[in-house]
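Worksheet: one structure, shown below.
Each reported figure results from applying straightforward, stated rules to the coordinates on display, with no laboratory input. Fair warning: this is a prediction, and the values are worked out from it, not measured in the lab. Backbone-built Cβ (ideal geometry, glycine too); neighbour counts: all protein chains shown.
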Amino acid sequence: QVHLVESGGGLVQAGGSLRLSCAASGRTFYTSGWFRQAPGKERDFVAAITWWGGISTNYADSVKGRFTNSRDNAKNTVDLQMDSLKPEDTAVYYCAVGPAYDGPTSSRSRYGFWGQGTQVTVSS
């Protein structure tokens with residue numbers, strides 16, 4: 001079975017940076033995604049990256065130009081570099097993997113395995 005372990009997160013001032021890491025074990029999947037959920041809100045798409053062939057990425061409009069998704073196939077890890085953080089980025093961030101070989105999908109239904117989530121808090 002797939003097991004995802006997340007690290008990073010924490011408290012940072014607005015304009016600062018954080019780097020989230022997700023380590024996967026057990027299976028090989030084609031796509032890894034990041035989602036976030038603020039209190040009382042839906043779990044929304046943040047970013048995704050393919051784990052096969054050339055690197056393909058996908059970002060939510062709210063994070064384009066600020067967040068960067070990367071992968072390390074040898075280590076089975078995927079990172080989310082978050083720069084220029086804003087208070088509205090505050091949420092629990094989740095790593096997920098799925099079999100979407102057609103691309104880095106933003107659809108939650110395409111991801112079958114999820115990490116435990118890590119809290120990101122941005123203050124001014």
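Within segment 54-96, find all residues whose amide N lies under 13 Å from a label point positioned 7 Å from the Cα of Ser124 along Cα-to-beta-carbon. Those under the cut-off are 86-89.
For Lys75 and Gln13, a Förster radius of 25 Å and the Cβ-Cβ distance give a FRET efficiency of 0.25, rounded to the nearest 0.05.
Kirkwood radius for the chain, taken over all pairs of different Cα atoms as the inverse mean of 1/r, rounds to 14.3 Å.
Let me check against my output: what whole-number percent is the relative contact order of segment 22-79, with C-alpha pairs under 8 Å and at least 6 apart? Computed value for segment 22-79: 32 percent relative contact order. Annotation: extensible slack from Ser56 through Ser109 equals 17.1 nm (criterion: 0.36 nm per residue apart, minus Cα-Cα distance). Database remark: amide H of Ala14 closer than 5 angstrom to the amide H of Ser123, Ser124 (H placed geometrically; neighbours at sequence offset of 5 or more, or on other chains; Pro and chain starts carry no H). Site pair Asp102 and Glu88 shows an inter-label distance of 3.1 nm when each label is modelled 7 Å from Cα along Cα→Cβ. For the chain, averaging the sequence separation of C-alpha pairs within contact (under 8 Å, six or more residues apart) and dividing by the residue count gives a relative contact order of 36 percent. Applied to segment 96-106, the Karplus parametrisation 6.51 cos²θ - 1.76 cosθ + 1.60 on θ = phi - 60° returns per-residue 3J(HN,Hα) values of 9, 10, x, x, 6, 6, 7, x, x, 5, 9 Hz, with x for Gly and Pro. The slack in the chain from His3 to Arg66, taken as 0.36 nm per residue of separation less the alpha-carbon distance, amounts to 19.9 nm.
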